[in-house]
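The structure appears right after this line, and notes come after that.
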Amino acid sequence: MSDITEETSREISGIRSWAEEDRPREKLILKGSSALSDAELLAILIGSGTRGESAVDVCKAILKNSHNNLNELGKLSVVDLKKYKGIGEAKAITIVAALELAKRRRIAEVKEKEKISGSKDVYEYFHHLSDLRNEEFWVMFLNRANKIISAQKISQGGITGTVADIRVILKNALDNFATGIVLCHNHPSGNLKPSNEDKELTQKVKQTAKLLDINVLDHIIVSDTGYFSFADEGIL
């Protein structure tokens, strides 16, 4: 037990001797990535801070203004990030690229599953929509085993809404030989309550799709506060 304590003590002493900008990197090597805070991980991406502030300090400030929420951080553009002292274009691009990779990894994990088994899988796939500042309407096309054939953006609108054409949705479903579809759109406002228009569209798509022997399995509303499932709430 004393040997472990002595080893830990040596590590801590070593960390204190490193240049401040290098500490997150060395900590990752010694402890693993999960031991680092969000600010420390971001600090590795930007490499250096400013005169008087370490990279970690700069990243703490960015996270603080994002309410220490990575989803909020993911909504920032290169232009937004460049407003912070010590963040130039190259560093801003690096942060945006890293966060985009994280989103794509999330989608890839859902794709690797045998099938879509419920609303949570759909939410994980479309979670990236919660970062958008405008509404987008997407449709996921599934085969008879509920495996993803593809997912396509049907429309894009403004902050308060977008219009989805039923004919476009069903044409794409037929083109993909889909037997099941899941509707999904985001609410940038964070409000997950479906509007009357959302409910009417869902019913129209469901009724029309039924004539083509295509099942509407769910309609998911995504925001940065979570998601709403028409199927889970029994209103599909």
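Here, each number is a calculation from the coordinates, and none is a lab measurement. Keep in mind that this is a model prediction, so the values were computed, not measured. Cβ coordinates were reconstructed from backbone atoms using ideal geometry, including for glycine residues, and neighbour counts include every protein chain displayed.
Brief remarks follow.
- Here the Kirkwood formula, the inverse mean of 1/r across different C-alpha pairs, assigns segment 74-186 a hydrodynamic radius of 15.7 Å.
- Per-pair calculated FRET efficiency, R0 = 25 Å: Lys153 and Phe177 via Cβ, rounded to 0.05: 0.80
- Remark: for residue pairs Lys83/Lys103; Lys75/Lys199; Lys115/Lys193; Lys60/Lys82; Lys60/Lys85, the C-alpha separation exceeds 18 Å in Lys83/Lys103; Lys75/Lys199; Lys115/Lys193.
- Under DSSP loop assignment and at most 13 Cβ neighbours within 10 Å, longest chymotrypsin sites (Phe, Trp or Tyr not before Pro)-free interval of the chain: 19-176
- Extension gain, Ser48 to Ser34, is 2.9 nm, computed as 0.36 nm per intervening residue step minus the present C-alpha separation.
- Cα shape, the chain, gyration tensor, a/c 1.5 rule: prolate
- Percent of beta bridges antiparallel (DSSP, segment 115-229, rounded to nearest 5): 70
- Fully extending the segment from Lys85 to Arg144, taken as 0.36 nm per residue of separation minus the present Cα-Cα distance, adds 16.0 nm.
- Taking 0.36 nm per residue of separation and subtracting the Cα-Cα distance, full extension of the segment from Leu192 to Asp213 would add 4.6 nm.
- Taking every alpha-carbon pair under 8 Å whose residues sit at least 6 apart, the chain reaches a relative contact order of 13 percent.
- Charge context of Lys75, other residues only, Cβ under 13 angstrom, K/R +1, D/E -1: -3
- Bridge type composition, the chain - antiparallel percent by DSSP, nearest 5: 70
- Dividing the summed -39500 (n - 2.57) terms of all DSSP H runs of n ≥ 4 by the residue count of the chain sets its mean residue ellipticity at 222 nm at -14000 deg cm²/dmol.
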